[in-house]
């Protein structure tokens, strides 16, 4: 099942690659040139690992804090203000 | 590129629901257990807030592998659980795209490497092996993408990274809000009281 409409163009791929690159922390320092596939993959993997570490750290800090939040109305107010912003 | 407002709301709702559901045994929970419960809630919240991607299904499936996690997930997600774990039918992107991705990416690496190729070894062969190795590493990091390649793999990865960033941002926001309210409580004036006093004026 291979219709022309479902084929991915090189343009779409290039767009996807540059979108991914723009997310990576290294992208700010690099000039215009595009990285190799290997570099892109390495930096993406490193970035995902560092994001996972951040989530882990934030989970720890949140758990320490939430243990002390026992006032239900304060918590509800926080939730409401967050959902409003 | 940012996650949407509706993602934010769905994420926060699910995260807080998950935290409240596991709060029953909070007093008896160790810090490590509480941290794991929050991390689990955050991952479930992220997957369900996004929904409908290979990685969201992969993540929920991975998290459900443990029996006690599965019942917790069913509690948080309710009817969504069935939808999120339903097996995915094939992607409409044809596998031929793999060659296009490799070709367009390899052009760049060859331009940079062709002056320094080691004697007798083609730089493109080295580049390809390294790309394969790193692709495998990426597939271990992004849930649910083992069967994907080329465009589909990058597409899922991009979506996953955007969602991870949103997860981090939102948890940071939540943390900041809680910390601020703690400081407010310490100054002997709770949030609702302070708001009421403003209204009075």
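Quick notes on this one:
- Taken over the alpha carbons of segment B:12-83 as equal point scatterers, the Debye sum produces base-10 log I(q)/I(0) values at 0.12 Å⁻¹ of -0.29.
- Take each residue in B:34-40, count the other chain C-beta atoms within 10 Å of its C-beta, and the mean is 6.
- Förster-model FRET efficiency, 30 Å R0, residue A:11 and residue B:146, C-beta, rounded to 0.05: 0.65
- Calculated FRET value between residue B:4 and residue B:67, using beta carbons and R₀ = 41 Å, to 0.05: 0.75
- Cα-based shape type of segment B:44-84, given that a ≥ b ≥ c are square roots of the gyration tensor eigenvalues and the cut on a/c is 1.5: oblate
Laboratory data are not the source of any read-out in this text; all were calculated from the coordinates shown. Values in this document were obtained by computation on a predicted structure and should not be read as measured data. In this analysis, Cβ positions are derived from the backbone assuming ideal geometry, glycine residues included, and neighbour counts consider all displayed protein chains.
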